[in-house]
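Okay, structure first, notes after.
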Amino acid sequence: MQYLKSIAPDKPGQLKPRKPIDPDAFLRYVTSQGITFSDLNTKGQDRVTPEQLRKQLKEGRSQNFRSIVHLALTVSQLVGDPGPVEKRGDALRVSIVERYALTFVEEGGILKLQAIEFLDPEGD
């Protein structure tokens, strides 16, 4: 969460990170299998490998890049706890103000990000 806060845009509504996203730093928090992005509005799902995500973060233009920046903005505006944490099998699902759900799994003794779900039906 702290890394997300560090890259959050300076102004609400802006989708340009405060500083360039360091792909290697971000990928330290992602599973070795990659990450799944899903969006309630489009009902779409995109599974990307770490290599694909590294390229998307460097280019800074993909929908997944924009999702990460929007998530960072949402996290940076949190006051208090993000929301409920739910255990699902071997995974933990953390709700972020009913806008996002992040799924983490343990890998090498460390919780790693496996999925980002955008849940806002209004698409804000």
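Remarks
- Sequence-separation-based contact order of the chain, relative, with Cα cut under 8 Å and 6+ spacing, percent: 27
- Compactness of the range 27-124 was expressed as the Cα radius of gyration divided by 2.2 N^0.38 Å, which yields 1.05.
- Mean ellipticity per residue at 222 nm, deg cm²/dmol - from DSSP H runs of n ≥ 4 across the chain, formula -39500 (n - 2.57): -8000 deg cm²/dmol
- Out-of-range pairs (alpha-carbon distance over 20 Å; input Lys87/Lys112; Lys16/Lys55; Lys16/Lys58; Lys19/Lys55): none
- Computed over the range 1-72, the P(r) curve from all C-alpha pair distances, binned at 5 Å from the origin, holds 3, 16, 29, 26, 19, 7, 0 percent per bin.
Every read-out reported here was derived from the displayed coordinates using simple, explicitly stated rules and does not represent laboratory data. For clarity, every value in this text was computed on a predicted model and none was experimentally measured.
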